[in-house]
Amino acid sequence: MSKLFKRTKILATIGPATNTPELVEEVIMAGVNGCRMNCSHGSNEERDKHIEWIRAAAAKKGRSVAILQDLQGPKIRLGEIKDNHLDLYKGDELILEADPNFVHDGGMAVPVQYNLAEKVRVGEPLSMFDGKVKSIVKEIISGTAIKVEILNDGFIMSRKGLNLPDTDFGGDILTGKDLADIEYGASRDIDYVSLSFVQSASDIERLKQILLSFGSTAKVIAKIETKKAISSDEHLEEIVKMADGIMVARGDMAVEAGAEVVPIVQRKLIAMCRAHGKPCIVATQMMGSMVDSPEPTRAEVSDVATAVVQGADVVMLSDETANGKYPVEAVKEMKKVILYAQNHSRVAQISKKAESESEVYGAISNTAARLAEKINADVIICQTASGTTAFAMASQRPNVPIISVTSNPRVANQLALIYANSAFVRPYSEDVGYRLAEELKNNGYLRVKDGEKDLLTVIVSGDKDKIGTDTIQVRYI
C-alpha cells in the first residue's frame, strides 16, 4: 500500500485549461489532492462553478480534496497598453500613471493598477514583466505618477506584473480587491487562504482576524516571496510560527531576491515547517515545460524529486494545469516522480526535532510514528476532531500512510494537503478508527502485505470530551 500511496501531495491550479467539470474530475482522479483558485484571474461566478465541480469530483472519488484561495495581494500590474506591446530601450524614461481614467496612447506614459507614488522612493529598483525589464525610480512626478529609467532593452505588455524588492509597503499588503475576495471566500466552501507578498508575521495575524470576523475557519498559508520576509532566519521563523502553512513562491522570490537564493530558502523553509508542524507547499515552474510539452524535462523531474526528499508536504502545478496543453498528463507525471522518489529514498533528516503546538499531541504522535516504523506497521489510523493530532503526526514524516478520520468535513478537506494523510469523514465513536480501517481493507483501499492475512495497524485515538488524543493501540485488522 505505501508504495502506491503518495505521501507528498499535489496542488493544481484551476484555469482555462481545466475549465470544465470533466477536466476538473479528470485531474482529481489522476492524483490531485487540492485545487488552487488564483484570484489574480477569473471571476467569482467562475469560481462558484469550480467549487461545485471540485466537490462533486471529490465525492465521486470518495476522498477529501482541499480548495485553496490564492489572494492577488499587491501584485502590481500594468494596465492596458495600446496594441498590447511597447518596446523599451536602455536609457528610456517611462512614466507609470495610476489615474484610473488614464488611457495609453502608445507613448512613454503607461497605466499601472496600483498607486506607486504613495510607496516608492527615488533610487529603488523596479522590474517589469517577470524581471525581463529592469528600471530604477527617478522621480515622483505627482500624487499618482512616477518616472523610472529603463536599464536594459526589452518590451512590456498589458497586465504584466511589477516587482519592487526594496519598497516597504508598511504592512499594507491587503488591497481592496483582496478584502472583497476574502469576504467572498468566507461565504463559500474554502479550506485555505494564501496571502501574497507577506513581509512579517503581523500581515498574517491581520488576515486571521479578518477571517475570524467573517466566521471563516479557513487556514492561512503565507506565501514567501519578498526580500523582507527572508531578511533573517529569525524573522522568517516568526512568519512560519504565525502562519498555518507556508508556500515557497519561487517565481516572485527569484525576481525580488535573486534566483540564486531560491534553492537555499526552499530547503530552509521546508525544514522550519517540519520543525513547527506546519505544511509547506513548493510552487512555481515545477513542470513548467509541460505547458507546451507532453513530457517534463530531466531538470524538472529532479526538482520535484528534491522537494519530496526534502520533506515538502505539497508540490504545486500552476500554468501546467491552468493554461497548459497537457494538464492531466502533468499531474500523472508529477505523481510518478513523487512515488519513485519516496519509494527509493528516505526523507532528509532535519537538525531541529519536530514539535507540535501541543506538547501532549506532539509526544503522542512522535511515539506512534516511531512505533509504526519499529513494528513495520501497514498504516497509522488517526482519530482527530480539530486536525491537531494529524498535523502533529505528519510532522514526524512516517514512511507509512496516515488515515485520518474526523466528523468535521472542513478538517478533512484541510488534511488532504498534509503529508501522508488521507482523510475521511465519519461520525464520532470510540472505535471509529478501527471500523474505518476494516471498511478500507474490505473495499481494497488498504491492502495486506503479500503472505499476510491482516493489516498491522497503529491506532491513535482519544475521548473528545476529555483530554482528546491520549491512546495508542496496535491492532491486527
For the range 384-477, which GluC sites (Glu not before Pro) are both in a DSSP coil and crowded by at most 13 other Cβ atoms within 10 Å?
GLU430, GLU452
Candidate aspartates and glutamates for bridging to LYS336, where Cα separation is under 20 Å - those fewer than 8 sequence places away on the same chain excluded:
GLU25, GLU26, ASP292, GLU295, GLU300, ASP303, ASP313, ASP319, GLU320
Using the per-residue mean of other Cβ atoms lying within 10 Å as a proxy for protection, in what order, highest first, do the peptides 192-202, 22-32 fall?
192-202, 22-32
Can you compute the modelled spin-label distance between ASN84 and MET157, with each label point 7 Å from Cα toward Cβ, in nm?
0.7
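Only counting other Cβ atoms within 10 Å, I'd like ASP105, ASP99 sorted with the fewest neighbours first.
Ascending number of Cβ neighbours within 10 Å: ASP105, ASP99.
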Rg and Dmax of the range 358-442, using alpha carbons, in Å: what are they?
11.9, 36
Run the simple label-point estimate for LYS138 and ILE264 please: 7 Å along Cα→C-beta, distance reported in nm.
3.5
Of all DSSP beta bridges in the chain, what percent run antiparallel (nearest 5)?
40
Over 26 Å between C-alpha atoms is what I'm after, so list which of LYS9/LYS449; LYS9/LYS268; LYS9/LYS453; LYS60/LYS208; LYS75/LYS227 land there.
LYS9/LYS453; LYS60/LYS208
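Work out the count of Lys pairs in the range 82-163 where the Cα-Cα distance is under 13 Å, with the pair 8 or more places apart or on different chains.
For the range 82-163, qualifying lysine pairs total 4.
Compute the Cα gyration tensor for the range 267-343, then decide on rounded, prolate or oblate, letting a ≥ b ≥ c be the square roots of its eigenvalues: rounded whenever a/c is under 1.5, prolate when a/b is larger than b/c in the other cases, and oblate in all that remain.
Here the range 267-343 falls in the prolate category.
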Cβ-isolated cysteines (cut-off 4.7 Å), the chain
CYS35, CYS39, CYS382
Roughly speaking, what % of Cα-Cα pairs in the range 107-249 are separated by over 26 Å, rounded to a whole number?
35
Taking all pairs of distinct alpha-carbon atoms in the range 194-282, Kirkwood radius in angstrom
12.8
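Coordinate-derived values only; no laboratory data. From a predicted model like this one, the values you see are computed outputs, not experimental measurements. Counting neighbours? That spans all protein chains shown, and the Cβs are built from the backbone with ideal geometry, glycine included.
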